[in-house]
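Before any comments, here is the structure.
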Amino acid sequence: MRMKKEVGGPRWKRALKSVGRMLLLFVLIVGGIYWWNPQKIHYPVRKPPANYPKIDPDSARLFSNGIRVTVVTGHPDDTEYFISGTLLKLHEAGAEITLIVVTDGDKSYYPPFMTNVAENRRVRRIEQNDASSHYGAKVIFLGGPDGRYDPDEPVLRKKLEDAMVDSHPDYILAFDSEYVPFVQHRDHENSGRAASELAPKTSASWLLLFATTAPNVYFDTDKYWSERADLLKIHKSQFYGEKLQAVTGTVMQKELDDGEAAGLNMAEGFRAIRLKD
């Protein structure tokens, strides 16, 4: 009796093809989600070289009356999440602070049916202006595309350059785009790269980079923790309920870790780079 030939080949081959198609579909879906999501993974994490020296960026001058400090961030709430202890300390010392926010954090990369971009923009600007008033910062919003900020796009780059130069800074604070944590938002990295590249065109003597894996200077922020935690609450469109508790805990732990590294209770670490004497 002659056996009937299986249509499409043996079952195991058909099953293998089916598994292959499913794996390909899975890879495409995961890859698409990773491309869409602005959070990016950096592996391996770049660490500083051995015997990495500590640097004093003329701290007495930094924390003095009338010093001009320009901060460049990716979104409303970045300053409150990463460095508001230092900004409160600067404000107490009499610094003149300018905050340049390159995007409005409006989630414009979401499909229209998922969010209200115009309302997000309105609310987040209000929240940032409110928070910034606590450390006396003048806020400049550049209105770049949230989640898709391109540091080389000519119009936005010129707007950032003009804002940085016109603020006549003595110090510039920005995200570190070279020594980047394992997970980092692309707008953080890209705004930091643009600020670092443009910094030599300004009057600034020092560039202080935060969210870095290679800090070489720490500022004592212990006395500002209570107010720092309250500033996070201002961004209620982003941090609320259990999320606020989790974010506050994460920020506190980072302050404690930096404090331990510096021999302090709480601190904020930066990678200091001298731009000019």
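The values are calculated or read from the model by the stated rules, or taken from the named source; none is laboratory data. Quick caveat, the model's predicted, so the values are computed rather than measured. Cβ atoms come from the backbone with ideal geometry, glycine included; neighbour counts cover every protein chain shown.
Annotations
- Close pairs from region 25-40: first under 13 Å from Y109 (Cα atoms), partner among the acidic types (D, E) and assigned to a helix (DSSP H, G or I), Cβ under 8 Å, at least 6 apart: P38/D187
- Subset of region 221-241 that is surrounded by fewer than 19 Cβ atoms within 10 Å (Cβ to Cβ) and charged (D, E, K, R) - its residue that is nearest to I273 (Cα to Cα): D222
- Restricting region 102-114 to residues that are of a type outside the set (G, A, S) and surrounded by 14 or more Cβ atoms within 10 Å (Cβ to Cβ), the residue that is farthest from the chain's Cα centre (by Cα): Y110
- Only strands (runs of 3 or more DSSP E) whose full extent lies in region 6-114 are considered here, and the ones with at least 2 residues that are under 30 Å from L244 (Cβ atoms), β-branched (V, I, T) and modelled with pLDDT of 95 or more are 68-73, 96-103.
- Taking the criterion of being touching a strand residue (DSSP E or B) at 6+ places or on another chain (Cβ under 9 Å) and on the phi < 0 side of the Ramachandran plot, the residues of region 40-63 that qualify are K40, I41, H42, P48, K54, I55, D56, P57, S59, R61, L62, F63.
- When every residue of region 131-154 is checked against the conditions, at least one turns out to be part of a strand (DSSP E or B), buried (at least 17 other Cβ atoms within 10 Å of the Cβ) and in contact with a Ser or Thr (Cβ under 6 Å, 6 or more places away or on another chain).
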